[in-house]
1. Sum up the charges of everything whose Cβ sits under 12 Å from the Cβ of Lys99, counting Lys and Arg as +1 and Asp and Glu as -1, but leave Lys99 out.
2. Determine, for each peptide in 34-47, 56-69, the mean count of other beta carbons within 10 angstrom over its residues, then list the peptides with the highest first.
3. Could the peptides 16-28, 149-161 be put in order, highest first, of the mean number of other beta-carbon atoms found within 10 Å of their residues?
4. Say each of Asp109 and Ile90 gets a label point 7 Å from the Cα, pointing the same way as Cα to Cβ; how far apart are those two points in nm?
5. Inverting the mean 1/r over all pairs of different Cα atoms, compute the Kirkwood radius of the stretch 1-103 and quote it in Å.
6. My understanding is that a pair violates if its Cα-Cα distance is over 26 Å; which of Lys69/Lys89; Lys17/Lys99; Lys17/Lys119; Lys89/Lys157 do that in this structure?
Amino acid sequence: MRALTEVVAAVRHTVEKLGPLIHESSVRGIVTGEQAHQLNYHCDLLLHGGRFDWEHYFENGAWAVLERKGRQRSKEERQKFEERAHYLKIEKCIESWSKKQPLARFTYDYLCDLVHPNKGSNLVLLVKREQSVLFDVDGSVEIGHLIFDRIFPLVVKLCVDETRNGSRPSRIPEISVCRWHLIETGLFDRRSACVTSIDATADPE
């Protein structure tokens, strides 16, 4: 879910950058060389941006990447790296999204806490044993289900709203409704803890 949120944030940020350029070009009926350069730059940044040197890795392997990273670079190498290392900063994309939809920031912070080794990720391992609560990979994971139930409908809402091209926003389903909708219709398999399928364009009744 965090990866999905990051992809949507990056794409919408890119679309925001492309929008004025496309509008101006369509009004004028012509695409200037500078506009074409900017359009290509933002698309290339979305699709190919990054700090990891994939070309060097595939040609020379992991140790070569580590060796290059550890040695002192010449001025020419630093300039070449800086030109290649342009990439979308996800924090900037989330910040841009949260200005129009504050829940995007809440959702991203929530998901980040679940994937990092800290309290959030540990909470999903809490299980009930008789009269006590402890950390274990076996047993009832009701707290883990609750954490999932609370964030899943919000992630769906945010991502669906961004892909509706400005149509009416979807409603945030109540937790109990979402839980029933997923479990009772068989879309959520608790034994494997995964969503089997879902129509994100339909609001739960």
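1. Working: positive: Arg12, Lys92, Lys100, Arg105; negative: Glu16, Glu95.
That works out to +2.
2. Numbers: 34-47: 13.6, 56-69: 11.4.
In decreasing order of mean packing, 34-47, 56-69 become 34-47, 56-69.
3. Values: 16-28: 12.5, 149-161: 18.9.
Descending packing order for the listed peptides: 149-161, 16-28.
4. Here the modelled spin labels are 1.7 nm apart.
5. Details: mean 1/r = 0.0618 Å⁻¹.
Kirkwood hydrodynamic radius for the stretch 1-103: 16.2 Å.
6. Details: Lys69/Lys89 21 Å; Lys17/Lys99 15 Å; Lys17/Lys119 36 Å; Lys89/Lys157 23 Å.
Too far apart for the 26 Å limit: Lys17/Lys119.
Read-outs: derived from the displayed coordinates by stated rules, not from any lab. Fair warning: this is a prediction, and the values are worked out from it, not measured in the lab. Ideal geometry is used to build each Cβ from the backbone, glycine not excepted, and the neighbour counts take in all protein chains shown.
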